[in-house]
Every structure is written in structure tokens, then in C-alpha cells.
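The structure appears below as C-alpha cells.
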Amino acid sequence: MRLTQLVASLPATVPFVGPEAQERAMGRRFVARLGANESVFGPSPAAVAAMAEAATEAWQYGDPELYDLKAALAAHHGVAPANIVVGEGIDGLLGLLVRLLVAPDTPVVTSAGAYPTFAYHVAGFGGRLVTIPYRDDAEDPEALLLAARKAGAPLLYLANPDNPMGSWHGGARLAEMIARLPGDAVLCLDEAYADFAPPDAGPPIDPHERRLIRMRTFSKAHGMAGVRVGYAIAHAELASAFDRVRNHFGVGRIAQAGALAALADRDWLAHVVARVAAARRDIAAIATANGLRPLPSATNFVTIDCGRDGAFARTVLNGLVARGVFVRMPFVAPQDRCIRVTAGRAEDLAAFAAALPEALAAAG
């Protein structure tokens, strides 16, 4: 098999080990699935009905222009359809963005320990990652800017609110960062958790801003992670460039129908956001009751400081997994002193509350 030199140099891996793989290894199912930041509260009933109806027409390809969904998203955000790109989740859009802007050995700036799928795509296209440490458990806009200027990077990545820490920056600080981007550099602002964040957590949407692409998803607050629909808001020139490389039939008919219905059901979204806020409070209370420190969060998870080092936190995590509670943790020190717990239903959090003191005791 004649692989390209670049691909032959890469490890055969995935950014995350899925809970299904862990369940196969254990030979049993998790009692509580609180690691992947999915919404256990599920999709809008209207979205479920729309997808069920569309399933009868699954013999047809989805609209390759995604006309109706792009029009609805544009109206929702007050931009033109030409400013919208739809793809197979934010993960798929990140891969396309890197393909558009990154050639072999192109420097790309991100934070050490930030969302690993972005780094996976950069490596896959031969880019050279320049990583900046977190500061006070948050991504550091000033340091990212300085690194981009020094490296001559055409692309920076920042998640706001952040995964895996749950922290966030205000819109004013991000607007200042965008204004100071060097040259023709583009900031990819990953806003997967924007629906859970305070209203001032993002800069105003400006469809004329050439230096920014914002990414959103139906996987989190809309509860459709298994359907794979994400979208980006960008200057029309950048948005149109995606048509040169995207998989035009990548978002199927069922996914398009579900996303349209989910976007229209604002009551369900508000219901989910309220339940997530309540679950965050419950997770924080469980952590505090066990002598741990929950970090402030504007996402659908709470990152919990286990108070020691990464080895200890990993032992706690493994103890939870052994007791049937799936959680994850940051990958890079010093953030790896933490575990990360997704908002769940009462029964999910009861399982976590029962398992945590046992896992801590076993970890010593």
C-alpha cells in the first residue's frame, strides 16, 4: 500500500477513546455516561418527529446546497446565507478549515491541552502546531496573539467557552483580540457551548469581518451529537471557499430535517439550558461535599480540581469508570489535575455521587 509520506508518518489513532470502546473492554455498559459532553436530555421532540418523517425519504440524498437549513441559520443570526457553512459537526468543519489554510509546515497556533481534534487535523495536513499554555485555567488570548505574530501563523484556534476547562472570556476581550490579529490571520472561534454561556461571552456577529470564523453545533444544547450537524459563520469569501473542498452530500436528509426543527424549537432549547444549569450546581455540590473544588463553567460540564497531580486525577477517573461512571479529564498538565463531568439527569448524578467517594478513597 503506497501511502503518502505524510500519512505514513502519522500514528493510527483517534483524538478520543469512545465510551463504547471502554464498555467493550469492560464487558458491560456504563451506569452513567457523563464524559463526552453529550446532552442526556435529548433532542427536541419536534426534531425527533422531523427526523422520523425524513427517515421514510432516506432513499433520497440530502440537498447538497443545504438551502433551507442555511437560510434558517442565516435568519437566526442576522446574516446572509452566503455567510453560513454547514458540515458534519464542528469536527468536520475544522478539518475543512485546516485544509483551506494550512499547507505542510505551516505554523498554526492553539493552546496546549485545547480541543484535541483541531490538533489532529493540523497534523493530518502537515501543519506545525505552536502551543501556548493555559493561564489561570483559561486560554490566553494575549499569548496566542503574540505567538501568531512571531510564527507568522495564518490560523489561530480558541474555544469560548473552553473545553476542557469550562472557562470563558467576555466578548469585549475577544473583539480586542480579533482587532489585533496579525496580517491576514484568521481566528477560529469554537463556540460549541455558546448556548450555555452568559450573553456577553462572545463578540457581536459581524459578517464583514474577514479575520474570524465562528463555529457552532447541534451536538450540545440541541442534543443531536449522533446526527453530526455543525455550522460556521464567516465572511462570504471564506465561506464560499468551503465549497471547493467540502463533502457536498456529507449532511444527510435526516440530519438536515432534524436541525431545521431543532433550530425552530426555542422552548426546548431554553428547557435544556435550564436543566444544564441545575445539573452544574448539583455537580459542584457533589464535588465540594467530597473536598474537591469545582471550577466555574459556562458549558454543559463542570471541571473538578482533584487537588493533586495528573496521576492522582487519572486514578480517580479510572475508579469512577470501574464503578460504571464514564467521565473524562484534561490531557495536559497542570490542567490534568482535574476530571470533567457532563451535566446529567438526577439518576446520572446520583450514580456519580455514590461512586466519587469510593473512587477517591481507592485513590488514596
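The values are calculated or read from the model by the stated rules, or taken from the named source; none is laboratory data. Not measured: the values here are computed from a predicted model. Heads up, the Cβs are rebuilt from the backbone with ideal geometry, glycines too, and the neighbour counts pull from every protein chain shown. Please note that ligands, DNA and RNA were not included when accessible areas were found on the heavy atoms of the full protein model with its side chains. Shrake-Rupley method; radii C 1.70, N 1.55, O 1.52, S 1.80 Å.
Pairs linking a residue in the range 175-201 that is open to solvent by 20 Å² or more (accessible area, probe 1.4 Å) to a residue that is assigned to a strand (DSSP E or B) and among the aromatic types (Phe, Trp, Tyr), with Cβ atoms under 8 Å and 6 or more positions apart or on different chains, do not occur. Condition check for ARG246 on (1) within 29 Å of GLU57 (Cβ to Cβ); (2) out of contact with any helix residue (DSSP H, G or I) (no Cβ under 6 Å at 6 or more places or on another chain); (3) among the charged types (D, E, K, R); (4) surrounded by 18 or more Cβ atoms within 10 Å (Cβ to Cβ): one failure, at (2). Examine the range 115-132 for a residue that is within 30 Å of ALA284 (Cβ to Cβ) and among the small types (Gly, Ala, Ser), and state whether such a residue exists. There is at least one residue in the range 115-132 that is within 30 Å of ALA284 (Cβ to Cβ) and among the small types (Gly, Ala, Ser). Take the residues in the range 231-243 that are over 19 Å from ASP91 (Cβ atoms) and in contact (Cβ under 8 Å) with a residue 60 or more places away in the chain; name whichever of them is surrounded by the fewest Cβ atoms within 10 Å (Cβ to Cβ). Per the criteria, the residue is SER240. Within the range 82-106, the set of residues being buried (at least 19 other Cβ atoms within 10 Å of the Cβ) and within 29 Å of ALA333 (Cβ to Cβ) comprises GLY89, ILE90, ASP91, LEU94, GLY95, LEU97, VAL98, VAL102.
One residue stands out among those in the range 116-172 that are among the charged types (D, E, K, R) and part of a loop (DSSP other than H, G, I, E, B): the one that is nearest to PHE16 (Cα to Cα), which is ASP162. Taking the range 266-294 as the range and being closer than 20 Å to PRO357 by Cβ and open to solvent by less than 30 Å² (accessible area, probe 1.4 Å) as the test, the residues that pass are ALA279, ILE283, ALA284, ILE286, ALA287, LEU292. Here the range 209-224 is the region considered, the condition is being open to solvent by 30 Å² or more (accessible area, probe 1.4 Å) and in contact (Cβ under 8 Å) with a residue 40 or more places away in the chain, and the residue that is farthest from VAL98 (Cα to Cα) is LYS220. Return a yes/no flag: does the range 314-324 have any residue that is in a strand (DSSP E or B), at pLDDT 95 or above and crowded, with 16+ Cβ neighbours inside 10 Å. No, every residue in the range 314-324 fails to be in a strand (DSSP E or B), at pLDDT 95 or above and crowded, with 16+ Cβ neighbours inside 10 Å. Residues in the range 319-346 that are closer than 15 Å to ARG29 by Cα and either among the basic types (Lys, Arg) or out of contact with any helix residue (DSSP H, G or I) (no Cβ under 6 Å at 6 or more places or on another chain) (or both): VAL321, ALA322, ARG323, GLY324.
If only residues of the range 30-81 that are open to solvent by less than 50 Å² (accessible area, probe 1.4 Å) and of a type in the set (S, T, N, Q) are counted, the one that is farthest from the chain's Cα centre (by Cα) is SER44. Looking only at the range 275-307, residues that are under 20 Å from the mean Cα position of the chain (by Cα) and either more than 24 Å from HIS169 (Cβ to Cβ) or modelled with pLDDT under 95 (or both) come to 1 in all. Cβ separations smaller than 9 Å between residues 6+ apart or across chains give the following pairs from the range 267-293 residues that are in contact (Cβ under 8 Å) with a residue 24 or more places away in the chain and under 17 Å from ALA197 (Cβ atoms) to residues that are open to solvent by 60 Å² or more (accessible area, probe 1.4 Å) and not small (Gly, Ala, Ser): ARG275/ARG345; ALA279/ARG345. Assessment of the range 139-147 against the conditions (within 17 Å of the chain's Cα centre (by Cα) and open to solvent by less than 30 Å² (accessible area, probe 1.4 Å)) yields at least one matching residue. Within the range 249-262, restricting attention to residues that are open to solvent by less than 60 Å² (accessible area, probe 1.4 Å) and in contact with a Phe, Trp or Tyr (Cβ under 8 Å, 6 or more places away or on another chain), the residue that is farthest from ALA313 (Cα to Cα) is GLY252.
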